[in-house]
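Note sheet for the following structure.
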Amino acid sequence: MKKRVLAMAVAASSLAFVGAAQAEVKIGFLGGFTGPIESLTPPIFDGAQLAVQQINDQGGILGGQTLVMPSADTTCSDASAASNAADRMVNTEQVTAIVGALCTGATIAAANNAGIPGGVVMVSPASTAPAVSELDDNDLVFRTVPSDAFQGEILAKLMLDKGFDEVAVTYVNNDYGRGLADAFVEAFEAGGGFVAENLAHEDGRADYRSELGSLSGSGAETLVVLAYADGSGQTVLRQAYESGMFTQYAGADGMVGTSLVEAVGADVLEGMIATRPGSPDLPGTELFNQAAEEAGFDPSAVFAAQAYDAAFLLALAIEQNGSAEREGLSAALRSVSSEPGEVILPGEWEKAVELIAAGTEINYEGASGRHEFDEAGDVPGVVVEMVVEDGAFVSKGQVDL
């Protein structure tokens, strides 16, 4: 049973702070503003900021305090940069919680070196690797996106259903790439497919022709690239085309970006298949879509809805917890995100505050789905098919196992 953690005395003390020592509450954001996902990060940040804006427009948090969102750059691929960024959020900015990080390696580094030691709850909207589930995190690390153990299986099923029975695979050599490749290869082979070559590559290099020679030499005509749109994935695809290799390309969420199509060429990538986490057809999805369009960003941008949910959930948990203190926040997060409780949809901040103040349990159903966190802080999710058509990635709908 849920426990209501907001006490009248704490609420009163929170009100006393308005206009005094603590006029604001901080939720940090850790993103890959530079590096291999730099074109994907801005709309993800926009999604989180939309939640902050709605909360402040509806009276603020903890009795009228302003919610603010300082941000820091992890670069996605540099563990030291991720650790330093998290350290600044935890120990200098003194944030109550963190949305992020985005890339799995950045999330793991940030959590192990700053978030977990500082007792800070982190909710990633984009770290999909199975390795996140294995963190010894004291119930502090969550995510609003499904694990790649699920996405890899979905991508394999999609490829097999479309008649691709032989592929070559190359993946970026980090937690994200390895975890996704392992899941894809296992499911593809279990479904009767043949993986002619499965080859890791390092991110950030200028030349992948040697790896491409091995992949093409396998005889496969379809290349599955599990990497990043602004990093190695882009270079691999461009050099594969320039070398006259392969007739079909496929990928996953890290490759779904306009920048990839623009850099490699719309004609080159026409018909490319990919998967990415999506949003189910729920009332919260439509509410988010409308609000995002009004705010001036694309609601279908990869991980934007998940980032909105991460920020809104953390704010609800802080309100439920009754203070900007870090202690008790993970329990409050589990409380506001799960049944039983009166349903709260995206944007319904005032309603949520009134219910919490009245001692009524709430259950947030978000822009990207319902977030019933399991013991590891993971959620079930929706994976959609994406196809490059007329120069852009277009959603073809949800893929089910």
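What follows is calculated from the coordinates using simple rules that are stated; it is not laboratory data. Computed from a predicted structure; not experimentally measured. For neighbour counting, all protein chains shown are included, and Cβ atoms are generated from backbone atoms with ideal geometry for every residue, glycine included.
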Please list, in chain and number order, the residues 5+ apart from Val383 or on another chain whose amide H is under 5 Å from its amide H, with Hs placed from the backbone. Gly278, Val399
Anyone know which of Leu160, Leu180, Leu316 comes out most mobile in the 10 Å Cα GNM of the chain? Leu160
Once you order the gyration tensor axes a ≥ b ≥ c over the Cα atoms, which shape class does the stretch 20-114 get: rounded for a/c under 1.5, otherwise prolate or oblate by comparing a/b with b/c? oblate
Yeah, the stretch 46-101 with a ≥ b ≥ c from its alpha-carbon gyration tensor (a/c under 1.5 is rounded, else prolate when a/b outruns b/c, oblate otherwise) is oblate
³J(HN,Hα) across the stretch 356-373 via Karplus (A = 6.51, B = -1.76, C = 1.60, θ = phi - 60°), whole Hz, x for Gly/Pro? 5, 4, 7, x, 8, 6, 10, 9, 7, 10, x, 5, 10, x, 8, 10, 8, 5
Charge dipole magnitude, Cβ of K and R +1, D and E -1 - the chain, Cα centre, debye nearest 20: 840 debye
Out of Leu135, Leu40, Ser323, whose Cα points farthest toward the positive end of the dipole of the chain (charges: +1 Lys, Arg; -1 Asp, Glu; placed on Cβ)? Ser323
Residues whose placed amide H lies under 5 Å from that of Val169, excluding near-sequence neighbours: Glu197, Asn198, Leu199, Val224
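Can you show me the helix-derived [θ] at 222 nm for the chain, built from DSSP H runs with n ≥ 4 at -39,500 (n - 2.57) apiece and divided by the number of residues, rounded to the nearest 500.
Details: 14 runs with 152 residues, N = 401.
Result for the chain: -11500 deg cm²/dmol, rounded to the nearest 500.
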Please list, by residue number, everything in the stretch 151-185 whose backbone N is under 12 Å from a paramagnetic label point 7 Å out along Cα→Cβ of Phe194. 165-168
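Going by a ≥ b ≥ c, the root eigenvalues of the Cα gyration tensor, does the stretch 145-218 fall in the rounded group (a/c under 1.5), the prolate group (a/b larger than b/c) or the oblate group?
oblate
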Express the relative contact order of the chain as a whole percentage, based on alpha carbon pairs under 8 Å and six or more residues apart in sequence. 19 percent
Can you compute the modelled spin-label distance between Asp165 and Ala266, with each label point 7 Å from Cα toward Cβ, in nm? 3.6 nm
Any aspartates and glutamates with Cα under 17 Å of the Lys157 Cα? List them, leaving off those in the same chain fewer than 8 positions away. Asp148, Asp165, Glu166, Asp182, Glu186, Glu189, Asp253, Glu385, Asp400
